[in-house]
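What follows draws every value from the coordinates through simple rules; no lab data is involved. Values in this document were obtained by computation on a predicted structure and should not be read as measured data. Here the Cβ is made from the backbone with ideal geometry for all residues, glycine too, and neighbour counts use every protein chain on show.
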Amino acid sequence: MKIIESEQFKNELKAIAFYIKRDKLSASLHFVQNLRKCIKELIDFPYQYRKSKYFKNENIRDMIYRGYTIVYEIDKEQDTLELLSIFNQNLPDL
């Protein structure tokens with residue numbers, strides 16, 4: 001299974017990392033590294049997280065990581081997992 005990052009996800013992650021970096025660079029690096037490690041684990045168990053509460057689609061899931069919600073979509077036909085969005089507390093513009 002291939003992991004694809006949407007432009008929205010990339011931009012949101014960059015903004016979150018920059019925000020954390022303002023306080024402490026090492027914390028920002030640690031956050032991104034550990035998040036990417038958790039995302040890679042989705043390859044083996046893509047349905048391990050709850051069905052998204054923002055979509056009525058069994059293949060769209062919400063992964064919770066340190067208070068952030070990562071919304072991703074599983075496409076079995078194309079054997080891909082697309083990261084759609086990452087946000088904290090506020091409903092995203094999906």
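Worth a mention:
- Number of the condition not met by Lys10 [criteria: (1) under 11 Å from the mean Cα position of the chain (by Cα); (2) of a type outside the set (Phe, Trp, Tyr); (3) not in a helix (DSSP H, G or I)]: (3)
- Selection of first residues in region 1-26 that are among the acidic types (Asp, Glu) and of second residues that are in a loop (DSSP other than H, G, I, E, B) and surrounded by 13 or more Cβ atoms within 10 Å (Cβ to Cβ), restricted to Cβ pairs under 8 Å at least 6 apart or on distinct chains, gives the following pairs, ordered by first then second residue: Glu12/Pro92.
- Residue match in region 46-59 (condition: touching a strand residue (DSSP E or B) at 6+ places or on another chain (Cβ under 6 Å), assigned to a strand (DSSP E or B) and without any contact (Cβ under 8 Å) to a residue 40 or more places away in the chain): yes
- Sole residue being surrounded by 11 or more Cβ atoms within 10 Å (Cβ to Cβ) and farther than 14 Å from Asn88 by Cα, chosen from Lys14, Lys37, Lys2, Lys21: Lys21
- Among the residues of region 77-84, at least one is on the phi > 0 side of the Ramachandran plot, touching a residue at least 40 places away in the same chain (Cβ under 8 Å) and not basic (Lys, Arg).
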